[in-house]
Amino acid sequence: MRTKNNIGSFDEILDSKYGKTGTKTRIKAEETAYSYYSGLLLKDARKKMNMTQNELASKLGTDAAYISRIENDAIIPSAGAFFRIADALGYSVELKPITISK
């Protein structure tokens with residue numbers, strides 16, 4: 001959908017750069033974005049709790065390098081690990097439906 005000022009929709013931009021929703025290229029791009037976003041969320045939460053990577057790692061029974069790799073988008077935590085990290089930081093994860101306008 002084009003607007004009057006010839007600026008395309010965000011969906012059009014994503015489609016042209018990464019392919020249509022469901023294509024391998026688009027799925028990979030979305031996974032990369034989610035990985036980056038989850039690392040940022042956890043890093044921000046850790047900093048808000050005034051906790052070091054070492055302190056968080058100790059609570060989880062792992063090492064600071066693991067936390068660093070997640071925060072710096074080098075690895076993607078499993079869903080279980082994400083929930084454990086959130087819990088160790090004093091956060092809960094809520095799943096709720098999103099509203100998609102058409």
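Worth a mention:
- Which listed residue, of Ser16, Ser9, Ser78, is of a type in the set (S, T, N, Q), loosely packed, with under 12 Cβ neighbours inside 10 Å and within 20 Å of Ile100 (Cβ to Cβ): Ser9
- Being among the hydroxyl-bearing types (Ser, Thr, Tyr) and within 23 Å of Ile100 (Cα to Cα) holds for only one residue in Thr23, Thr62, and it is Thr23.
- Entirely in the chain, the helices (runs of 4 or more DSSP H) that have 2 or more residues that are of a type in the set (Lys, Arg) and at pLDDT 95 or above: 24-48
The values are calculated or read from the model by the stated rules, or taken from the named source; none is laboratory data. This structure is a prediction, so every number in the text was calculated from the model and none was measured. With ideal geometry, Cβ positions are generated from the backbone for all residues, glycine too; neighbour counts draw on all protein chains shown.
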